[in-house]
Structure formats: C-alpha cells, structure tokens
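Report on one structure; see the data block that follows.
The values are calculated or read from the model by the stated rules, or taken from the named source; none is laboratory data. Since we're looking at a predicted model, the values are computed, not measured. Please note: Cβ atoms are built from the backbone with ideal geometry, for glycine as well, and neighbour counts cover all protein chains shown.
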C-alpha cells in the first residue's frame, strides 16, 4: 500500500471515531454513560491505529512515520581565492660610467684589400653607451694585434660626447709590406687612465681588419747560355745541360744561370716556377741513380772546381723521382726564399744532380735539358 493510501485510510477512521464520540455525548437517554462510550470509542480508534498492517486489514495498516520536511541548506562553498595582483619588481640597472657601442665601419670594412705599405685611414662610428660624458681627456688607444704603424694613443675628441651620442673615431694606419690578413684591436681610455671598450661590460675591443693583396708582376727569366751547361767529375765542361753518368761511369751535373737584372731591387718575390719539361732521356737515370735534386749554387764562371763530389743532405730545393714528375712545372716556396736572397744582384744560379754520382754499371743513364723556363712573380712595395 502506498503512503498516500495509508494516510487517507487513517484519516477516515479518525473522522468516523470522532463522529461517534460526538454523537454519544448528545444521545438521549444515555445519562451517565457517555464518558464510558466515548472512552470505548477512543480505545477502538487507538486500537485501530496501532493494529499492525497485514493482509485483509489494509484499512488498519500502521501509518508510516511522519515525513519531516526539511529544507537542506545549500552546500557551503569555500570563498574563491582572491587573485593576487603581481606588482612588477623594478630592478635598477646601473649603467657603467664609461662604455662604448660599435655602430658601423665608416671606412675600411673587414677584409678590405690593400696594397703593401699603402696608407689608409680607418674610421669607426661609436656611440657613448655609458653614463659619463667623453671629454678631451679621453683617448683612442691601440690594444693588441697588428698595429699597422698606428699610434699607441691619440686624443679622442677636442669637445664633448654626451651619453647616447655618436661620434666618428679615426686613426691613420699603414698596411704591412707582406701579403696576408692583418687585424688590430683598439679601445678607449678615460681621463683617469682606465681603458674601456664595447659590449655589455664595456671590456671588448673594436678592430680593423685588412688583407694585403699586392699588384704583382710575372716575368720569364732568361737562361744565360754561356754560363750554363755541364761539368763532369773528370772536369769536362760543355754547354750541354746534362745530369747523370755515362758509359765511363763519369758523373755529370747540370748548371743553370739566370739573368735577374730585370727584377727590381726592392721586389718581393711571391712565386717561382721552374719548368724542366723539355728534356731527353738516355738509359734509365731515375732507376739507376735515384732522385734528381736542385740546389741553389752561387758558382762563378763554370770551371772544374764547381763540380760537387758528393750529394749534400741539406739545401735541396726540389726533388724529382721520375720522368713523369719532371715533366710538371713546379712552384716551390723554397725556391721563392732562395731567389729572394738574390734580388738586387744580376744572377740566380742552380745546380742539378742525382742522388748517386754513378751506378758503375758501364751504361749511360742521364738527362739532357733543352729549354729551361723560370717564371718569377713579384710585387714592389
């Protein structure tokens, strides 16, 4: 039975009992018995109300406990966490008194090609990136690297350069005499003698970088015929430029004399190429006698005393080990250095000889050089 049905049944029973009680109170002839009747009726109602619910007694089913309507308080929500407003921390950055910032190269950008000993002016554009004003007591100073004949220091300005302002800083320099890349580092100095430069800490130098690339001249140096030829161990001299040995096991050395008067006395030699590719072969000189060497030789007029009876272990400029290698023109730094020592004189002379004087086999093994070419590249400062 539903709860609603139970409530309706109980209510109906209660109303009927109450009606009986009221009727008994007013019934005629009852006299002194109305209380007894009322009590009986009330007990009957009470019994009905307390009788357990069961089959066939639906109207006397015990009513369910009263439903107490409660108003549930809404769940208490935690108050929202207030959003904190972050106040930015202001860091006071101290700007150094003296600091520069590089702006641009006004002249001579990095890698500029210049001639040897060429004078030039390097100009940087710098910004006063510090908090102090540059005055006439400030200076540009050489820090390290290649000075390029620049001054150790020079006055930075005759006026003032306020913080945040820019100025062009110049110095007169001279390119070195030798080809190559050169780099010089510079800084500034304040009136108290403290050096400073560029960058966040004001400690880095700024620089000038150049490349010395001279205008060169290449010449073919003529061979002097009357001063070139062969000298044998036995003292035989001829104009044939022969190196090796003959059937008599008589070794021969070739002497080459070049007229270098056409090279200026102040020339700087940058390259020397010797070409012995025009030659004829008799026998197997490289197999029989080993490598062919070339030496610088300041001989005078060709005579028997110029023959070298042994092969020096030092002073070799170039070595060839085969006919094929001899056929290639050779550029050699040792040849450059050897010729440089003779610049300003009239002759540059060489001697060609094999590692072995002879193999004593009674067979001819030698090379005869026909046209010998010497090309020299140089520049004048």
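Read through the list (1) touching a strand residue (DSSP E or B) at 6+ places or on another chain (Cβ under 7 Å); (2) modelled with pLDDT of 95 or more, then give the number of the only condition that residue 117 fails.
(2)
State yes or no: is residue 286 assigned to a strand (DSSP E or B) and buried (at least 18 other Cβ atoms within 10 Å of the Cβ)?
no
Looking only at the range 197-235, how many residues end up being more than 25 Å from the chain's Cα centre (by Cα) and part of a strand (DSSP E or B)?
10
Pick from 184, 191: which is within 28 Å of residue 132 (Cβ to Cβ) and part of a loop (DSSP other than H, G, I, E, B)?
Just one listed residue meets the conditions, 191.
For the range 122-145, enumerate the residues that are closer than 22 Å to residue 165 by Cβ and part of a strand (DSSP E or B).
Result: 122, 123, 124, 125, 126, 127, 128, 134, 139, 140, 141.
Filter the range 289-306 down to the residues that are in contact with a strand residue (DSSP E or B) (Cβ under 8 Å, 6 or more places away or on another chain) and assigned to a loop (DSSP other than H, G, I, E, B) and list them by number.
290, 291, 297, 298, 299, 302, 303
Name the single residue, out of those in the range 307-347 being modelled with pLDDT of 95 or more and assigned to a loop (DSSP other than H, G, I, E, B), that is surrounded by the most Cβ atoms within 10 Å (Cβ to Cβ).
Here the residue is 307.
Within the range 177-202, can you find the residues that are within 22 Å of residue 110 (Cα to Cα) and modelled with pLDDT under 95?
The answer is 177, 178, 179, 180, 199, 202.
Which one of these does residue 363 not meet: (1) in a loop (DSSP other than H, G, I, E, B); (2) under 30 Å from residue 177 (Cα atoms)?
It is condition (2) that residue 363 fails.
Residues are listed down the side, and each one gets a yes or a no for (1) out of contact with any helix residue (DSSP H, G or I) (no Cβ under 8 Å at 6 or more places or on another chain); (2) in contact (Cβ under 8 Å) with a residue 24 or more places away in the chain; (3) assigned by TED's automatic domain parsing to the domain that holds residue 106; (4) surrounded by fewer than 21 Cβ atoms within 10 Å (Cβ to Cβ):
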| residue | (1), (2), (3), (4) |
| --- | --- |
| 185 | yes, yes, yes, yes |
| 192 | yes, no, yes, yes |
| 228 | yes, yes, no, yes |
| 232 | yes, yes, no, yes |
| 246 | yes, yes, no, yes |
